[in-house]
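Right, one structure below, let's go through it.
The values are calculated or read from the model by the stated rules, or taken from the named source; none is laboratory data. These numbers come from a predicted model, not from an experiment. FYI the Cβ positions are ideal-geometry reconstructions off the backbone, even for glycines, and counts take in every protein chain you see.
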Amino acid sequence: MSESFWEANLPSSDNVEDQSEDIPSPAIKIDVTLDDFPVNNWNSDNDGNHIVWWYNQNRGNGSRKTLDYFKSKSGVVQISSTTDAQKILDSVLTTLQYDGVEDVEQPSSDTIEIDNPTSLASLSGGWLFTGIWCTVSFVALIFIGGPVLADIGTADWTPTDGVVIDSGVDVSTGGKGGNTYCLWVDYQYTFENTTYNGYVVSYSQDNSCDSWSADADEDYPPGSNVTVFVNPDNPSEAVLENGFSGIDFGVCCVFPFVIIGVIMLVGMLKSTFTTVKSNFA
């Protein structure tokens, strides 16, 4: 072939230089590794969300991205190893570099959070369940908490002598769990030269029934002498067991349900905030 052919068809050195200038080059080299993230074992997508959250915090003018975006870009189906996490991080670093980001914050255990992939539909179901749980447990707390507080309020009542007039245990056989037993005690006491009749053992035990107190009246046989605690401001009010000793701890089983309800409520508020932020940021 003639030299004129090559001269006509080969690109000049100037053209080669022009083409190389069209190839984008990274703006900076970001020195971040998996060791910089507060994750011990990279074995779940939640771990990968640490990396994605860090990217979104440093993305500059780039658009907010999700873990699914980087999984698709790097060919990772699910993060189950350090190798998978490294592919996600490589994809994130490449994206940051070509976004032209000039400066990034190093990952920190104090600032990194996990994006919660909770959907709005699952949030609705979670709020429904949490609402029912909290409503039932708090209503139960109102009915039970009042008598417990009343018992605590009797701690400074004045003791006086009394006598048991009669006592017994009522049996209920209608429950599916077997028989339940309800203690009742009638007693008499004298306060400031006036005689009164009483029937309250303690406010939380009054009308309290259970399945293990069949012989509860043995503690209060008719004719026995007892100490009665009298309200000095209203002597017609009295109990046989005062303060914390009068609390029926069997009724306190509702308190763990209230605590669980509070924990669920806080968790739902956090999930809602994170999900709304993730979907609308």
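Candidates are the residues of region 184-198 that are modelled with pLDDT of 90 or more and within 45 Å of the chain's Cα centre (by Cα); the one that is nearest to Pro235 (Cα to Cα) is Gly198.
The residues of region 59-75 that are part of a helix (DSSP H, G or I) and surrounded by fewer than 19 Cβ atoms within 10 Å (Cβ to Cβ), listed by number, are Asp68, Tyr69, Ser72, Lys73, Ser74. Filtering region 121-164 to residues that are of a type in the set (D, E, K, R) and at pLDDT 80 or above leaves Asp156, Asp161.
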